[in-house]
Amino acid sequence: MSKNKSSESVKVVVRCRPLNRKEESNGPGGDIIQMDLRLGQVFLRNPRAPASEPQKTFTFDAVYDAKSKQRDLYDESVRPLIDSVLAGFNGTIFAYGQTGTGKTYTMQGAWLDPEKRGVIPNAFDHIFTHISRSQSDKQYLVRASYLEIYREEIRDLLCPNHGSTRALDLRESPETGVYVRDLTSCVCKSIKEIEEVMNVGNQARAVGATDMNEHSSRSHALFLITVECSQPGPDGRKHIRVGRLNLVDLAGSERQAKTGVQGERLKEAAKINLSLSALGNVISALADGRSGHVPYRDSKLTRLLQDSLGGNAKTVMVATLGPAPQHYEETLTTLRYANRAKNIQNQPRVNEDPKDALLREFQKEIARLRAQLNHRKWRNKQKKDRVDGESWERDREEETEGEEEQEEVEKAAEEYVKLEEQRLEREKEAIREDRFLLAEEKQRLLGEKERMMGDLRKEQEATEQLTAKYKAMESKLLVGGKNIIDHTNEQQKMLEVKRHEIAEQSRNEREMQQQMLAQDEETLELRETFTSLQQEVEAKTKKLKKVLKLYAKLQCIKAEIQDVNNEHVTSRQELEQTQNELTRELKFKYLIIENFIPPEEKNKIMNRLTFDPEEDQWKFQPLVPAESKSLQMKKRPTSAVGYKRPISQYARVAIAMRAHSRYRAENIMFLELDMTPPNAASLDRSAEAELNQSPSLDSSPTKDRGVRKSRSWCQTPKSIPSSSSNVSLAACHAATPTAAQ
Ligand code: ADP
Ligand code: MG
C-alpha cells in the first residue's frame, strides 16, 4: 500500500493582505510587516516598542505580500499538492489567521474575476483539466462533500435539512481513518457541477447564520474532494488510487472573550475556542516531537485533521496576516503558531487499491448492467436471425467485443423489435379479415396477439430503462482524454508547464538561499594564523561583527521567551477564570440536586448514566435492556391463557369436572347458573314481572344452556342511580346465590 515512506514537513506559507480603507484612514503607523520574498522571511515591528528594538524575524517556505496574486500563491504553493492528490495522496490546505485577514479570500476569492479566484476554484480547474488531459485508459470518479464545525457540532452543508439540529458523528476505520458518518457526498462530472456543490453549501452556511461574518468567523468550513483513479497496471489488472483533498477555512484565530459570561454564552465561547486551542496543542505536541501523546481527540477539528497533521497526508498551511499596527499581538501569535507548524513531520503515502473505493463498485455495476443489456440485445438478434432464416449461431453474448460487432447486434436487435411489431400487426389484420373464423375464436386470437404485442413493448421498455440506467452510471465516470475542454489547447498546456517550472525554480532558489544563510551564521570558524597585523584587524573586526549579530539574535530569543511566558500567563489566567465560572455553575447545579431531588431518585438517575466518549455526552442507559424488553412484553405464559394467572393442569381438569368449589374459576364468565327452578312458582305475576326486570337477571335463551352473561355493575341500566351501585351489586348477589359462592 505504501509507496513513499519518507517523511515530509508541513509546508507553511504566510500571506499579508493590503491595508484596508479603514486602516488607512486610521492615520500613520504604516505597515508593521516587511517581507523578503526571495528569502521567504517576515519581519514584524512592534509599533509600541522603541525604534531600537530589533524586529522579529520568521522564515517560512514562502511568503506573499500585499501585492501578491492569487495565481502566484496557487502555482507555487498549492499546485504541487493538488498534483499529489491526483496521484493518490491525501492532501490538506488550511487557512489560519485572525478574522478579516483574508482566509476566505485566499481559499475562495472572488469567483467571477479570473484574477481573484482563490485556491478552491483553481483546484477545481486543475483537477478537471488534469482528468481531461490524461490518457484514455484512466477512469476517474470525483466526489465532493462540504461541512462546517460550529460549537463542536458537525453540520452537513449539502444536506437539505440543514438548519435542523441534526449534528453528525465522527467515526474511525482502519481503512479511511477518521470520517464523518452519513456525510452527503456528490459525484461531480465537471467544473460546473462541483462549483454548484460549493454554491449550495455556501448558501446553506449563510442560511444557518444570523450574521454571516460573525458566523463564518466562529465556524470552520471544510470542503472535501475525493478523486478516485483507475488505471490498468503492468499485471493487466485495474488498480485504483484514491486521493482525498481537504480544503479548510478555519474560524478566526482571535481569542473569544470568555470572561464575565455565564451559562450558554460561556459554553459557546469555550466551545468556539476549543477546536482552535486543541489545534494549537496538537501542533505544539507534534512540533515538540518529545511528548508521546498528541491530543487529537480533544476536538472535532483535530480529529478530522488527524491525517493531515503528523499523519499520511501532505499539508500546506496558509497563515494570513493583517498589516495594521492595532493587531500586532494577534499577528505575532499567528506567526508563532505558523512557525511551530513548520516542524511537523508527515509520512505521506499513496492510497492504492483501498477496499472502500467507490469506483470499483461503480465499475462492477456498469459491467453488470452492460452484460444484462448485451444479453437482451443478443437474444433479440438471435431471434431476428432465426426469422431471417440465417443459420449463423453464436451462443455467447460476451463474444461481441468489437465495436462494429456491437453496433451490428444493436441494430439487429432494434430491427427485430420493429419487424416483430409489424408481423404482429399483420397477423392481427389477417385474423380480423378471416371470415371463416368464429367471432369467439377471432376474439381469442386477437387477444393473444394483443398480449404478445404488450409483452414486446414491456420488453422494449425494460431495455430502454436498463440502457438509461447504464448510461447514467457510465456518465458518472470520467474517462481521461475524452472530455477535453476547448480552451486546453497545446499552447496553453505549454504555458502551464513553463509556469510550473518557474514556480519550481523560485522555490528551489529560496530554499538554497535559506540554507546558505543558515550555514553562514554557523561558520564562525576563522583562520587563526595571520600573516600581517592588518589582516588580523580585519579578521577580528569580522568576528566582532558576527558576535554582535549573534548577541542581537540572543536578545531576540530572550524577548521571545519573555513574550511566550507572558502569553502562557495570560492563557493560564483565562483558563482559571473559565474554571471558576464552570465551578460556580457546577455548585449551583449541585445545590439544586441535593436539595430538590429525593436521594433515591438521584441514585436511580446516577446509576443509569454512562459516558459516551464517541459523542462526548452523558447518556441514559435504557431502564430495561433492549432485548429483554421485548421478552418481557411477550405473551402471557401458555399456562395462563384465558386465566388471570398461571394455573396447574390439575386445577384445570378440576374446573372442567366441576369437582370442588375451590377450583371454580374466578372469572364470572366461566360460572354457571344454578339450574334448580326458582322458588318463585308461587309468586304472583306482578312479582314475576318484577323479577324479569331485575337488572341482574338475564332472561335470554342462553340462560337455558346454563351459561349466564356477566354484566358489569358499572354498566347497570340508567334506571339505577350510580350512587346505588353497591346496592345493585348486593341485589345481584342475592338474586344469584350460586354465583355468589
Ligand atoms: P477572513 O476570511 O480571514 O475573515 P476575508 O477573506 O473575508 O477574511 O477578508 C477580509 C477582506 O479583506 C475582504 O474584503 C477581502 O476582499 C479583503 N482581502 C483579504 N485578503 C486580500 C488580499 N490578499 N488582497 C486584496 N484583498 C484582500
Ligand atoms: Mg472568512
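Return the total of residues in the stretch 67-101 being on the phi > 0 side of the Ramachandran plot and within 22 Å of the chain's Cα centre (by Cα). Steps first, answer last, please.
Going through the stretch 67-101, the residues on the phi > 0 side of the Ramachandran plot turn out to be 88, 97, 100.
Checking the rest, the ones that are also within 22 Å of the chain's Cα centre (by Cα) come to 88.
Number satisfying all stated conditions: 1.
I'm checking my understanding of the structure. Among residues of the stretch 30-66 that are among the aliphatic types (A, V, I, L, M) and under 37 Å from the mean Cα position of the chain (by Cα), which one is farthest from Gly102 (Cα to Cα)?
First, the residues of the stretch 30-66 that are among the aliphatic types (A, V, I, L, M): 32-33, 35, 37, 39, 42, 44, 49, 51, 62-63, 66.
Filter again for under 37 Å from the mean Cα position of the chain (by Cα), leaving 62-63, 66.
Numbers: Ala62: 17, Val63: 14, Ala66: 11 Å.
Filtering the stretch 30-66 for residues that are among the aliphatic types (A, V, I, L, M) and under 37 Å from the mean Cα position of the chain (by Cα), the one farthest from Gly102 (Cα to Cα) comes out as Ala62.
Conditions first: (1) touching a helix residue (DSSP H, G or I) at 6+ places or on another chain (Cβ under 9 Å); (2) open to solvent by 50 Å² or more (accessible area, probe 1.4 Å). Gln347 passes all but one, so which condition is the exception?
Gln347 satisfies all of (1) touching a helix residue (DSSP H, G or I) at 6+ places or on another chain (Cβ under 9 Å); (2) open to solvent by 50 Å² or more (accessible area, probe 1.4 Å) except (1).
Could you list, in sequence order, the residues of the stretch 247-284 that are aliphatic (A, V, I, L, M) and at pLDDT 85 or above?
Leu247, Val248, Leu250, Ala251, Ala278, Leu279, Val282, Ile283, listed by residue number.
Does any residue of the stretch 91-113 turn out to be of a type in the set (Ser, Thr, Tyr), open to solvent by less than 40 Å² (accessible area, probe 1.4 Å) and away from ligand 1 (no atom under 16 Å from the Cβ)? It would help to see each step written out before you state the result.
Within the stretch 91-113, the subset of a type in the set (Ser, Thr, Tyr) is 92, 96, 99, 101, 104-106.
Among the residues that remain, those that are also open to solvent by less than 40 Å² (accessible area, probe 1.4 Å) are: 92, 96, 101, 106.
Among the residues that remain, those that are also away from ligand 1 (no atom under 16 Å from the Cβ) are: 92.
Within the stretch 91-113, one or more residues are of a type in the set (Ser, Thr, Tyr), open to solvent by less than 40 Å² (accessible area, probe 1.4 Å) and away from ligand 1 (no atom under 16 Å from the Cβ).
Please work out which one of (1) modelled with pLDDT under 85; (2) in a helix (DSSP H, G or I) is the condition Asp307 fails and give its number.
Unmet for Asp307, out of (1) modelled with pLDDT under 85; (2) in a helix (DSSP H, G or I): (2).
Show the residue pairs that are 6+ apart or on different chains and have beta-carbon atoms under 9 Å apart, the first residue being within the stretch 247-262 and within 23 Å of Ala338 (Cα to Cα) and within 16 Å of ligand 1 (Cβ to nearest atom), the second being of a type in the set (Asp, Glu) and at pLDDT 60 or above.
Ser253/Glu330; Glu254/Glu330; Arg255/Glu330; Arg255/Glu574; Gln256/Glu268
Return the total of residues in the stretch 559-616 being charged (D, E, K, R), at negative phi and outside any helix (DSSP H, G or I).
Step one: of the stretch 559-616, the residues charged (D, E, K, R) are 560, 563, 567, 572, 574, 576, 581, 584-585, 587, 589, 594, 600-602, 604, 608, 612, 614-616.
Going one step further and asking which of them are at negative phi, we end up with 560, 563, 567, 572, 574, 576, 581, 584-585, 587, 589, 594, 600-602, 604, 608, 612, 614-615.
Imposing the further condition that a residue be outside any helix (DSSP H, G or I) reduces the set to 612, 614-615.
Residues that pass the stated criteria total 3.
Applying the selection to the stretch 69-90, what residues are surrounded by fewer than 20 Cβ atoms within 10 Å (Cβ to Cβ) and within 14 Å of ligand 1 (Cβ to nearest atom)?
Lys69, Arg71, Asp72
For the stretch 176-202: of the residues being part of a loop (DSSP other than H, G, I, E, B) and among the basic types (Lys, Arg), which is farthest from Ile149 (Cα to Cα)? Outline the logic, then answer.
In the first step, residues of the stretch 176-202 are kept if they are part of a loop (DSSP other than H, G, I, E, B); the result is 176, 181-185, 188-190.
With among the basic types (Lys, Arg) added as a condition, the list becomes 181, 189.
Details: Arg181: 14, Lys189: 27 Å.
If we take residues in the stretch 176-202 being part of a loop (DSSP other than H, G, I, E, B) and among the basic types (Lys, Arg), then Lys189 is farthest from Ile149 (Cα to Cα).
Being more than 10 Å from ligand 2 (Cβ to nearest atom) and in contact with a strand residue (DSSP E or B) (Cβ under 8 Å, 6 or more places away or on another chain) is the filter here, so list the residues in the stretch 105-123 that pass it.
Within the stretch 105-123, Gly109, Ala110, Trp111, Lys116, Arg117, Gly118, Val119, Ile120, Pro121, Ala123 qualify.
Just give me the residues in the stretch 105-131 being small (Gly, Ala, Ser) and in a strand (DSSP E or B), in sequence order.
Once the filter is applied, which keeps residues that are small (Gly, Ala, Ser) and in a strand (DSSP E or B), the stretch 105-131 yields only Gly109.
Among the numbered criteria (1) modelled with pLDDT of 85 or more; (2) away from ligand 2 (no atom under 16 Å from the Cβ); (3) under 30 Å from Lys364 (Cα atoms), which single criterion is violated by Tyr146?
(2)
Give the residue, chosen from Ala640, Ala651, Ala626, that is at pLDDT below 80 and surrounded by 11 or more Cβ atoms within 10 Å (Cβ to Cβ). Outline the logic, then answer.
Numbers: Ala651 fails: at pLDDT below 80; Ala626 fails: surrounded by 11 or more Cβ atoms within 10 Å (Cβ to Cβ).
After ruling out the rest, the residue left standing is Ala640.
Looking at the stretch 95-104, can you tell me whether even one residue there is in a helix (DSSP H, G or I) and touching a strand residue (DSSP E or B) at 6+ places or on another chain (Cβ under 9 Å)? Break it down stepwise before answering.
So the first thing to find is which residues in the stretch 95-104 are in a helix (DSSP H, G or I), and the list is 103-104.
Retained after the next criterion (residues that are touching a strand residue (DSSP E or B) at 6+ places or on another chain (Cβ under 9 Å)): 103-104.
Yes, that holds for at least one residue.
Just one of the numbered conditions (1) within 16 Å of ligand 2 (Cβ to nearest atom); (2) in contact with a Phe, Trp or Tyr (Cβ under 7 Å, 6 or more places away or on another chain) is not true of Ile131; which one?
(1) is the only condition that Ile131 fails.
Conditions tested, residue by residue: (1) surrounded by 10 or more Cβ atoms within 10 Å (Cβ to Cβ); (2) touching a Gly at 6+ places or on another chain (Cβ under 9 Å); (3) modelled with pLDDT under 85.
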residue	(1), (2), (3)
Glu490	no, no, yes
Met516	yes, no, yes
Asp520	yes, no, yes
Thr523	no, no, yes
Thr531	no, no, yes
Val537	yes, no, no
Lys542	yes, no, no
Lys558	yes, no, no
Ile561	yes, no, no
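Quick one: is Arg17 loosely packed, with under 15 Cβ neighbours inside 10 Å, among the basic types (Lys, Arg) and either touching a residue at least 24 places away in the same chain (Cβ under 8 Å) or on the phi < 0 side of the Ramachandran plot (or both)?
Against the criterion (loosely packed, with under 15 Cβ neighbours inside 10 Å, among the basic types (Lys, Arg) and either touching a residue at least 24 places away in the same chain (Cβ under 8 Å) or on the phi < 0 side of the Ramachandran plot (or both)), Arg17 does not qualify.
The values are calculated or read from the model by the stated rules, or taken from the named source; none is laboratory data. Note that the structure is a prediction, hence the values are computed from the model and not measured. Note that we place each Cβ from the backbone using ideal geometry, even for glycine, and neighbour counts take in every protein chain shown. Note: areas computed on protein heavy atoms with side chains; ligands, DNA, RNA excluded. Shrake-Rupley method; radii C 1.70, N 1.55, O 1.52, S 1.80 Å.
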